[in-house]
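One structure is given below, encoded as structure tokens.
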2 protein chains.
Amino acid sequence: MKRIDHEKLLMIPGPTMVSSEVLNAMAYPIIGHRTEEFRTLLEDTVEKMKKVFITEGDVYIITGSGTAVMDMAIANTVDKGDKVLTICNGNFGERFSKIAEVYKGEVIKLEYPWGKGARPEDVKKILEENPDIKVVTVVHNETSTGVRNPIKEIGEVVKDYDALYIVDTISSLGGDYVDVDKFHIDICVTGSQKCLSAPPGISAISISEKAWDVINNTKSKSFYLDIKAYRDRFESKRESPYTPAVSLIYALNKALDRILEEGLENRVKRHERLAKATVAGLETMGIELFAEEWARSITVTSARYPEGIEDGKFRGILSNKYKVIIAGGQGQVSGKIFRIGHMGEAREIHILGTLAAIEMAFKELGYNASGGVEAAKDVLGM
Amino acid sequence: MKRIDHEKLLMIPGPTMVSSEVLNAMAYPIIGHRTEEFRTLLEDTVEKMKKVFITEGDVYIITGSGTAVMDMAIANTVDKGDKVLTICNGNFGERFSKIAEVYKGEVIKLEYPWGKGARPEDVKKILEENPDIKVVTVVHNETSTGVRNPIKEIGEVVKDYDALYIVDTISSLGGDYVDVDKFHIDICVTGSQKCLSAPPGISAISISEKAWDVINNTKSKSFYLDIKAYRDRFESKRESPYTPAVSLIYALNKALDRILEEGLENRVKRHERLAKATVAGLETMGIELFAEEWARSITVTSARYPEGIEDGKFRGILSNKYKVIIAGGQGQVSGKIFRIGHMGEAREIHILGTLAAIEMAFKELGYNASGGVEAAKDVLGM
């Protein structure tokens, strides 16, 4: 195999940089998944995960990408013809629609232009018109657009209806404010590889009492992602039904330790600081941000390319010359925006380095960017 | 968390011991999954996986347990009412039936008592009576019973019918003879954590031309496990559609290097040797093997407990006193049999140590076992 450069600065909105402490946790020998050792590990990881979700509900660790738990949330709650309200203002909001369509739900989309945030009053209006909506889905942090949707306020609306409130916090949990029980979230899904700063490949799901009522009356549309199998095995044996990704659970457990040591509040504040610095840096360079201001993510910043800057060339210079990886746009904004992840283990110095590289790459391509690093330093008090 | 002992000898039929070289591969920093670095890694891993499957067909790496790819094989080929012949002589054969039922296939079970091997002539008879069977499933190595089903001979039968031939080689690939194309296997599924000796959490699936014809005319029953999404993304970008378990792919890639360096033929012969030694050891102790002789697995040996030996106590002594982990029975043989995995990185010395521990544990529980280690040494020429 061609030699791979593992040492580039990973500033995409996930997977994110993982601390050496967490990476090295994976070097522990494998333990059997039907042993007391594994039960201790799984139970402990679930307990820590509950603290990060801030929930008294049930939590399960699933071997699979974040999409697996998005799928699980729908496959276990939606029957043919059930009304599903999907809030769509990006690629991942859309994904819930696609999943619900596979399971033959009747999808009602509340759509916003990409870059705009969802409005609780719009959700309320649709719920009033469709009191038989069974499930409402929203993506907290739209990784594809850098938009943060107001999940607390939407939760305040949904709680007064029968509908289940399903929230994707894949790129926010551990980096932004999420309080599953207080926000009235019935099913919260997240991934290991974003703000939790563990390696990708496992994900987690929380289930409220209200959600169990629906799940218990819904035949799972999936075998692998049947949540009842996970519940039954965990309740009876503190195990998972199928062979889990043991090494990734070692890593997640250690990553959760780091999060709880830092403190959720401190961690969110750090993400806010880094987001502010990134925004200040880009705006000082004259770059237009993509997400509208009130709905700007604090874990990923998206920005429009200045005219004449080609995505492939720009990110190619960043990657090849400066060894910094940032993301481009997805779907309808492919080639039009770039995205900087400042999640998890990202520190001040990574933001400054990234902004410096961006300035240089822009200059090389004929766009005269400057002052970004200085502006970010000001915000950071450095 | 209570301190976990990671150092016990892992002699279960998966997950299996992983070499330090492979474990340490996971300590590499995470790379972005939409980068040239990742494409290089994925493409290389897929190519090596093809060499181990021995196929010219398409191969995909899936983030999920082995059960995920079993599910994928059915979810992408079976429509409501389609006839599915499932060969059942253990827990995993049964699992295919359960999966097919979730997707509303009409399941025809060819059942054998646990411990018995499947007979190709029985498969032929059912296919003759039901020429409209769409899919035949078989588990090569029934981890739950220690039975090896004759997948080559069954393949010779199935190839003359329209039915797709789906084979689960989760606990055989890399340890027993599997030759996907020569055995006429249309969909072959495997897991990372058995004879491949990589950590658990990712799995692989091979797809033949004949299988694509069916898949292209079948709407996937699953979103996460829609094989067409994996194909489209891999064909267009050499990527996976959802964030993959990057660290586990590092590990699998390295594990495949070790397999290809040892050579598939040598590796199978090593497994045969270890199986023979294990069998000789147990039989010398007067222990009755569970699987009938012609159908005995070479990667896991199952044996009946002598009268009066309690599973929990026996394996408790092995684990707590001798630090050796073996497996008990599942389902209908729970408490009645024990199983020793001799897969992947298992060596002669592990077999001897395990047999010694088993002798001592039996003695402690009042069953006078002896001579097992000596008999195994004889077989191994030690």
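Here is how the numbers come out for the structure above:
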| item | result |
| --- | --- |
| Nearby aspartates and glutamates by direct alpha-carbon distance to A:Lys363 (threshold 17 angstrom, same-chain neighbours under 8 apart not counted) | A:Glu283, A:Glu288, A:Glu307, A:Glu310, A:Asp311, A:Glu374 |
| Candidate lysines - alpha carbon under 17 Å from B:Lys276, same-chain residues fewer than 8 apart omitted | B:Lys377 |
| Listed residues A:Ser171, A:Ile126, A:Ala251: farthest to the positive end of the dipole of the stretch A:20-261 (Cβ charges) | A:Ala251 |
| The stretch A:172-216 versus the stretch B:56-100: alpha-carbon centroid distance in Å | 29 Å |
| Per-residue average of Cβ from other chains inside 10 Å of B:218-227 | 6 |
| Reciprocal of mean inverse Cα separation for the stretch B:238-382 (Kirkwood radius, Å) | 16.6 Å |
| Antiparallel DSSP beta bridges within chain B, as percent of all bridges there, nearest 5 | 50 percent |
| Likely footprinting exposure, A:Trp294, A:Trp114, fewest C-beta neighbours within 10 Å first | A:Trp294, A:Trp114 |
| Check: the stretch B:187-242 dipole with +1 on Lys, Arg Cβ and -1 on Asp, Glu Cβ, in debye | 100 debye |
| Other copies of B:Glu272: label-to-label distances in nm, shortest first, labels 7 Å along the beta-carbon direction | 6.8 |
| Likely footprinting exposure, B:Leu289, B:Leu252, fewest C-beta neighbours within 10 Å first | B:Leu289, B:Leu252 |
| Teacher prompt: A:Gly312 distances to equivalent labels in other copies, 7 Å Cα→Cβ, nm | 6.4 |
| Only Lys, Arg (+1) and Asp, Glu (-1) charged, at Cβ; the protein assembly as shown dipole about Cα centre in debye | 880 debye |
| Residues A:Ile30, A:Ile309, sorted so that the one with the fewest Cβ neighbours within 10 Å comes first | A:Ile309, A:Ile30 |
| Over 21 Å between alpha carbons, listed pairs B:Lys80/B:Lys134; B:Lys125/B:Lys221; B:Lys104/B:Lys194; A:Lys83/A:Lys124; B:Lys134/B:Lys194; A:Lys104/B:Lys134 | B:Lys125/B:Lys221; B:Lys104/B:Lys194; B:Lys134/B:Lys194; A:Lys104/B:Lys134 |
| Label point 7 Å beyond Cα of B:Leu260 along Cβ direction - residues of the stretch B:169-190 with amide nitrogen under 17 Å | B:174-175, B:180 |
| Test item: Cα-centred dipole of chain A, Lys/Arg +1 and Asp/Glu -1 on Cβ, debye | 1000 debye |
| Inter-copy separations for B:Glu43, label at 7 Å along Cα-Cβ, nm, ascending | 4.8 |
| Positive-pole candidate from A:Ile74, A:Ile30, A:Asn149, dipole of chain A, charges at beta carbon | A:Ile30 |
| Cα-projected label distance for A:Lys237 with A:Glu56, points at 7 Å along beta-carbon direction, nm | 3.0 nm |
| Amide N of the stretch A:363-377 lying under 17 Å from the label point, which is placed 7 angstrom from the Cα of A:Glu310 along Cα→Cβ | A:363-367 |
| Cα gyration tensor category, rounded, prolate or oblate, for the protein assembly as shown with a/c compared to 1.5 | prolate |
| Exercise: per-residue mean of other protein chain Cβ atoms within 10 Å, B:312-324 | 1 |
| Number of partner chain Cβ atoms within 10 Å, mean per residue of A:101-110 | 1 |
| Helix-only mean residue ellipticity at 222 nm for chain B, each DSSP H run of n ≥ 4 adding -39500 (n - 2.57), per residue, nearest 500 | -13000 deg cm²/dmol |
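No value in this document is a laboratory result; all are computed from the given coordinates. Treat the numbers as computed from the prediction; the structure is a model and nothing was measured. When we count neighbours, we look across all protein chains shown, and the Cβ atoms used for this are built from the backbone with ideal geometry, even at glycine.
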